Each structure stands twice: as structure tokens, then as C-alpha cells.
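Peer 1: Dropping the structure in here first, questions after.
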Amino acid sequence: MKPENVNPGNYKLDCVLFNNNFFSISYGFWENEKKCLAMRWNGENNDPGYPKVFGNPMWFIIDDNLRVPFIQSLIGQPNSNKENILKVLNELI
């Protein structure tokens, strides 16, 4: 499942920071107000990946204290989106 298509009611995707088709890391809004970092395994074919609740794909939220080092570790990694990473880091630092 593409990360852009994972839209649970409590998390709104702002941008994808990393996506290798199997695993994704994103930045978005938790309950429409708090910005946070999230990740998930994407699954394939009819499998919605993990995490999921009652078969619906979800995002796993990363603790706020880990956001900056986690995002910094994505710089230069294959399948990372440098433009989105720099945008988010600029916002956080």
C-alpha cells in the first residue's frame, strides 16, 4: 500500500520522508493539531501492511524526543526524499 493512501481519521499525512515500497516514514498531523513523525510497513497485494486496526492501515507514531535524530539519519539514504527531510528539519530546528 502506498503511504499516500494510508489515511486514518486521526493522522493526516503532510509529506513522505522515506519510502522503499516496503517501509515508509512520514511527517503529519496527529488529531489535526500536533505534528509528528510516523512509520509503517506497507504490505503488498491485498495485505494493508502494519500497523493495522481491524484490517485498516495505520501509522505508528514516533516519540517526539526521537524526531530530529531519526529524521537526520535519513539524509543521504536511498529512497529518502531530501527536499521533504530538509523542509521538516527546518521546521523542527
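Peer 1: Give the residue that is surrounded by the fewest Cβ atoms within 10 Å (Cβ to Cβ), with candidates limited to residues of segment 34-79 that are within 22 Å of N7 (Cβ to Cβ) and of a type in the set (G, A, S).
Peer 2: G55
Peer 1: Would you check which residues across segment 15-32 are buried (at least 17 other Cβ atoms within 10 Å of the Cβ) and either in contact (Cβ under 8 Å) with a residue 24 or more places away in the chain or more than 24 Å from Q72 (Cβ to Cβ) (or both) and list them?
Peer 2: Those that are buried (at least 17 other Cβ atoms within 10 Å of the Cβ) and either in contact (Cβ under 8 Å) with a residue 24 or more places away in the chain or more than 24 Å from Q72 (Cβ to Cβ) (or both): V16, L17, F18, N19, I25, S26, Y27, G28.
The rows are residues; the columns are (1) among the hydrophobic types (A, V, I, L, M, F, W, C); (2) in contact (Cβ under 8 Å) with a residue 24 or more places away in the chain; (3) out of contact with any Lys or Arg (no Cβ under 7 Å at 6 or more places or on another chain).
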| residue | (1), (2), (3) |
| --- | --- |
| K34 | no, no, yes |
| P48 | no, yes, yes |
| P51 | no, no, no |
| I71 | yes, yes, yes |
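Peer 1: Could you go through segment 38-56 and let me know if any residue there is on the phi < 0 side of the Ramachandran plot, acidic (D, E) and outside any strand (DSSP E or B).
Peer 2: Yes.
Peer 1: Continuing with this model, one more query. Need the failing condition index for G9 against (1) surrounded by 11 or more Cβ atoms within 10 Å (Cβ to Cβ); (2) assigned to a loop (DSSP other than H, G, I, E, B); (3) without any contact (Cβ under 8 Å) to a residue 24 or more places away in the chain, just the number.
Peer 2: Going through (1) surrounded by 11 or more Cβ atoms within 10 Å (Cβ to Cβ); (2) assigned to a loop (DSSP other than H, G, I, E, B); (3) without any contact (Cβ under 8 Å) to a residue 24 or more places away in the chain one by one, G9 breaks only (1).
We did not get these values from a lab; they are worked out from the coordinates using the rules stated. Just so it is clear, the model here is predicted, and its values are computed rather than measured. We place every Cβ from the backbone using ideal geometry, glycine too, and count neighbours over all the protein chains shown.
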